[in-house]
Amino acid sequence: MKTYSYLGASLLSALLIGAGSGLAQINPGGPILWPPQPPNAAPKVEIVTPQDGSMFLAPADIHIAALTACFTDTVASVEFFVGTNSLGVVTNSPRGLGGPVAWPLPDGLFWLAWTNVPTGDYALTATAKDAAGNTLTSAAVDISVVTNFPPSVVITKPKNGAVILGPADIKITAGAVDRDGGTVTQVEFFEGSTSLGVVTNTPVTYITNSHGVFPIKNTSFSLTWSNAPLGDYVLTAVATDNDGATTASKPVDISVVSNLPPKVKLIAPYNGATYVAPATVGICAAASDPDGTVASVEFFAGTNSLGVVTNSTVVTNFDGIHQQFCFTWSGAAKGSYELTAVATDNAGATSTSAPVTIKVLPPPPPSVSINTPFDREVFIAPANIWLSSMTRHFPDRVASVRYFAGTNSLGVVTNGPGFLFHWTKVPAGFYALTATAIDVSGTNIVTSAPVHITVKPKGWAIEHADTEPAAVKGGQ
């Protein structure tokens, strides 16, 4: 048995062989530690290696380790038992063994080497005793010492949950290895309790490279189940090794059907997309049917149907050939939504896509801003000034925009979207311009931030001809 050694002592007999191995496994790259204990926790003692259900090859050298925690007094000793027979009493801490410390060991770790263990089934326990004489016994750990490890086997094809168009010839493949260096002599395949056939081991394959010729053991066993009828089936594989030990694989459930369901996935919007209410959301799904055509796709927000689409466009891309179904969801209110698509094929089979989550945010408040003139712009009297504005996020159509210079109304414009207004013969002075927009319902009335302009006297342009900034404009 392969072992891993720490501080001159083997903490673990561990050999990982195959997916179905019952051997003990502890990572030798890190310490064995209790999780944080709550205050006033009860004393504990636990065998941490070997693990319950471990198997060893006879004659075995088994290293047993126990952890203690939460004792009021110092733990003076730990006595290890197999059944009612004592294997020995350990009083030393692992830190007292000497030698280099590869990684931290807890003070409460006690270990013992049980050597030359014959075949049999054993129940191991550990009894800890503190300095005051109080004792506590661990839960039992059951192990087995055997002369032969059973093989491991797993069905690799078809996959669990596979749906196959039938009647069909189904190739069943299993991977099988013998965990003690032996060979798997055969694998028998079953549907339920009915044998489908036995596959014996094929000859060893040899590969040659620059380093020599190397044998490769066969670990793959395949059988074809011919003309499998329609129905639901449970497949298993039983592997037998060269010593006659057997192991059954985990079952694989398959269905043989007369019509394969379609495939569908949402391709728009992307997961996590955000919109502003009232939102217009374009939803598209890619759907295909392996044995027919997709007749329709119904789109859902949660459990609410948004609509059914029967018209599609055939698209070819790296995913293959599929039908693309699109739908526009208008007026989506604020909230989070889980979108799905349900595809129905020409024979009535359905499939549901993976969900896509979107969020519709509440709309920002209505706003209006003056586009022209610019803030701090300078004109020459008598000035002709064009005013324009931009309105946003009004729930209804904007009916009008009224312009003001200070508190004086300059006029009302009803034609959008720029709401242009010509303010003529403006005398010299300083002006704070604002725009007030109102929608058709009359419920939303919004005023812009002010834009400050200056209109200079007519002679100012001549007096300051050499220094007049480019922003200064004459009468228009």
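In table form, for the structure just shown:
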read-out: Residues of region 311-338 satisfying the condition of being in a loop (DSSP other than H, G, I, E, B) and either exposed (fewer than 11 other Cβ atoms within 10 Å of the Cβ) or without any contact (Cβ under 8 Å) to a residue 12 or more places away in the chain (or both); value: Asn311, Phe318, Ala333
read-out: Residue match in region 95-113 (condition: at pLDDT 90 or above and among the β-branched types (Val, Ile, Thr)); value: no
read-out: Options Ala301, Ala237, Ala286, Ala341: the member that is surrounded by 20 or more Cβ atoms within 10 Å (Cβ to Cβ), free of Cβ contacts under 8 Å to residues at least 40 places away in the same chain and of a type outside the set (D, E, K, R); value: Ala286
read-out: Residue in region 270-279 that is touching a Cys at 6+ places or on another chain (Cβ under 7 Å) and in the same structural domain as Pro355 (by TED's automatic domain parsing) present; value: no
read-out: Count of residues meeting criterion [of a type in the set (A, V, I, L, M, F, W, C) and either on the phi > 0 side of the Ramachandran plot or assigned to a loop (DSSP other than H, G, I, E, B) (or both)] in region 164-213; value: 1
read-out: Selection status of Phe419, at pLDDT 95 or above, on the phi > 0 side of the Ramachandran plot, in the same structural domain as Thr436 (by TED's automatic domain parsing) and surrounded by 15 or more Cβ atoms within 10 Å (Cβ to Cβ); value: yes
read-out: Residue count, region 182-225 (criterion: of a type in the set (Val, Ile, Thr) and either in contact (Cβ under 8 Å) with a residue 40 or more places away in the chain or not assigned by TED's automatic domain parsing to the domain that holds Ala168 (or both)); value: 6
read-out: Test result for Ala245, surrounded by 15 or more Cβ atoms within 10 Å (Cβ to Cβ) and at pLDDT 95 or above; value: no
read-out: Residue count, region 214-246 (criterion: more than 21 Å from Asp169 (Cβ to Cβ) and in a strand (DSSP E or B)); value: 8
read-out: Scan of region 257-296 for residues that are of a type in the set (S, T, N, Q) and either closer than 15 Å to Thr344 by Cα or in contact with a Phe, Trp or Tyr (Cβ under 9 Å, 6 or more places away or on another chain) (or both), ordered by number; value: Asn259, Thr280, Ser288, Thr293, Ser296
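The values are calculated or read from the model by the stated rules, or taken from the named source; none is laboratory data. Treat the numbers as computed from the prediction; the structure is a model and nothing was measured. Cβ sites come from the backbone with ideal geometry, for glycine too, and all protein chains shown count toward neighbours.
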